[in-house]
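Below is one structure, written out as structure tokens; comments come after it.
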Amino acid sequence: MAGKTIKVLLVEDNPGDVFLLQALLTEVTTTVVDLITVERLSEALNSLRQDIFDVILLDLSLPDSQGWDTFLAVLHRAQATPIIILTGTDDENLTIRAMQEGAQDYLIKGQVTGDVLVRSMRYAIERQRIEEALRHSEERFRVALQNSPIFVYNQDRELRYTWVYNPFLGFAVEEMLGKRDEDLIDPGDAQRLTQIKISVLNSCISTRAEVSIYTGQETRYYDLTVEPLRNESQEIVGITCASIDISERKQAEAKIHEQAALLDITTDAICVRDLENQILFWSHGAETLYGWQASEVYGKNANEILLTEQQLPDLEAAFLQVINQGKWQGELTTVSKQGQKIVVSSRWSLVSDEQGRPKSILIVDTDITEKKLLETKLFRTQRLESIGTLASGIAHDLNNILTPILAGAQLLALKFPDADDRTQLLLEILETNARRGSDLVKQVLSFARGVQGKRINLQLRHIIVEVTKILRETFPKSIEVYTDIPQDLWMVSGDGTQLHQVLMNLCVNAHDAMPDGGLLQICAENLLIDDNYARMNLEAHTGPYIVVSVTDTGSGIAKDIIDRIFEPFFTTKPIGQGTGLGLSTALGIIKSHGGFLSVDSELAKGTCFKVYLPAAPQEETFTSENLVPLTGNGELILVVDDEPAIQDITKESLETNNYKTLIASDGIEAIALYAQHMDKISVVLMDLMLPALDGVTAIRTLRKINPQVKIVATSGLMSSSKLTAIGSVGVSTFLSKPYTVNELLLTLEKVLH
């Protein structure tokens, strides 16, 4: 108490006791004590009304008041001031009662020393301060609970309510104290709550659960936390519970489930994936279309379930577009649980959180497999009708023409083995071009029979270069072929054979329009079509396009027939020189690719056809030789191959790139080595064509030893039966021979990581 003036109210009617206490305070403390002395209760109450004291020294026996009434009167007037009782030995019970009701300490007259008095005053003041702080803390806690939706309560071991904050369901605190759950709520709800709470009492482990309580009018839902309640001896004396009303959240969840049920009515497959491609939602329509139940796919990678490796580049591009633009739409070839290929029209939409950050992708797939089959059949029929008859008709004659040319070139080389170099070169050119002509006939016949490639990401530059090479070798020298193709030309998604045919048709028409020679230009450019352009051309849509222009300096097309040139069987050529199907076929192909054609022509000056094709959103796919693989980290690779040269070069390649190797020459040796070093081997590189024990059988044996073994199958000659076999035994990937070091390292990197 040093350094502070202590104001003390002494209520004592015995002058001797007053004198003694004054003397003791003066002797033992350096603190300034302002001692106010009164003899009666009325005087004490009057002093308390007029002033504030740090401590009260109270004798319970006064001239105008005795015992318990004295204490209550002072306590009522000075609730915030610590009271020390001055008692004689004959009223100890009364003193203890006063202590229980709020007195801070008591001193027995005749036994008081200076140290005891000062210590008692210090203790009383400090205890009062702590209790006041505790009251403030409890008040803040009470206000916090009152302003929160949390219902907090204690129950004893018989699960009677002993303390309640924020009572729920309209009950008052008084209605709940001493009651059990079965006295307050529905018996079924009470039984479930009781089971949870008894479990905590028995296990001494806290728990959290969602519970429902019927109020008589509605069902309310609560998030309940139950913890053991311990006394000072750490004995379990009951439980502490906190619950929060989550009825609104449950109602929102129910609404979501109702909406999900509506989604399940549609026949479209609806799926929600997170940005890591894991499935979050799987509709009933998706179950029907793909054969996977929702419980089987939740949390799994959608690409691994639905797509082949050939489709993955398309999916990467779709993902980038939906992240950058918010949506993507296109056709995908998917695979059902039974392995059946399904063509879908897929529509992707980006879903963002409340802060606008991307969080998932909503995907709606419509089955268009039958539609695509019908389109293919119709297109094939049209091809057979338009090109097939012509191709088959001319193929016979062309082969009759090319056969003696090719045979003659070979015979001449044998007949004149000593011919000069110039002659030998001419004969070689003759034979080479005859063979090329024969190959072209085979390509035309393949196309006529309907051999159709799949839609892939194409770089039109390559097709234009190939077409240009053919034109320069086959067209007369009087026709000069010129190309202009930018290096940054965008990609398209399409069938390379069909697009090749379109360009050939347009170039052949240009050739026919320049019988005396001229200039044929093939140019390509990137074009971003805006709303204004799209309004002027109904076939165009806003977005990126690639435009290929085929321009000639020929005779041109008259204005009165230019609108009919795309009609089937319409032709301006003499009978026997044209079928009128080239441009109609080209137009059909372009439209099937989502593009359109335009033509601009002037008599005697030439014609310009422009092919517009939608640009693919993705970048050009690089080959494995363009990628830089990671080196190893000391992983042990078991190389199984019966060719010593392959063993040596593979071992050297791997060890140079920080891998370790074990070598086996056949399946039996591979099994023995793997059994011996199973815990160290990271990947098995297994050739499928092995002596003694073939690779497929060896793989099955290794997987019986360790179902998690990582296997890369290799082969230079794969039959369809072998491909089916390795697919059934579960190899990690397949590496075709001959493989480069880059391909080998990239494959291992993929399997290991």
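Taken together, the values in this text are just the output of simple stated rules run on the coordinates, not laboratory data. From a predicted model like this one, the values you see are computed outputs, not experimental measurements. FYI the Cβ positions are ideal-geometry reconstructions off the backbone, even for glycines, and counts take in every protein chain you see.
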Overall Cα dimensions of region 462-543 - principal axes, largest extent first, Å: 43, 24, 22
Mean-position separation - Cα centroids, region 280-299 and region 643-720, in angstrom: 37
For region 164-319: span of alpha carbons on each principal axis (Å, largest first): 70, 41, 23
Entries in K7/K109; K660/K680; K477/K559; K371/K591 that, when Cα-Cα distance is taken, lie over 18 Å: K7/K109; K477/K559
Geometric extent, Cα atoms of region 337-376 - Rg, Dmax (angstrom): 15.2, 46
Compactness of region 49-130, expressed as Rg and Dmax over alpha-carbon positions, Å: 12.1, 34
Equivalent ellipsoid semi-axes, region 166-211, via Cα gyration tensor eigenvalues times 5, rooted, Å: 21, 12, 11
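Peptides 317-325, 220-228: what's the order by average Cβ count within 10 Å, highest mean first?
220-228, 317-325
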When the convex hull of its Cα atoms is projected in every direction, mean area for region 232-351 (nm²): 12.4
Unit Cα scatterers, Debye sum, region 678-719: log10 I(q)/I(0) for q = 0.15, 0.30, 0.31 Å⁻¹: -0.36, -1.13, -1.16
Coordinate range along principal axes, alpha carbons of region 272-318, Å, largest first: 27, 20, 14
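What does the charge dipole of region 449-512 about its Cα centre add up to, to the nearest 20 debye, if the Cβ of each Lys and Arg holds +1 and the Cβ of each Asp and Glu holds -1? Working shown, then result.
Numbers: 7 positive and 7 negative charges, 55 e Å.
Approximately 260 debye in magnitude.
What order, most packed first, do the peptides 696-704, 279-287 have when packing is the mean number of other Cβ atoms within 10 Å of each residue?
Working: 696-704: 18.9, 279-287: 20.8.
Order by mean packing, descending: 279-287, 696-704.
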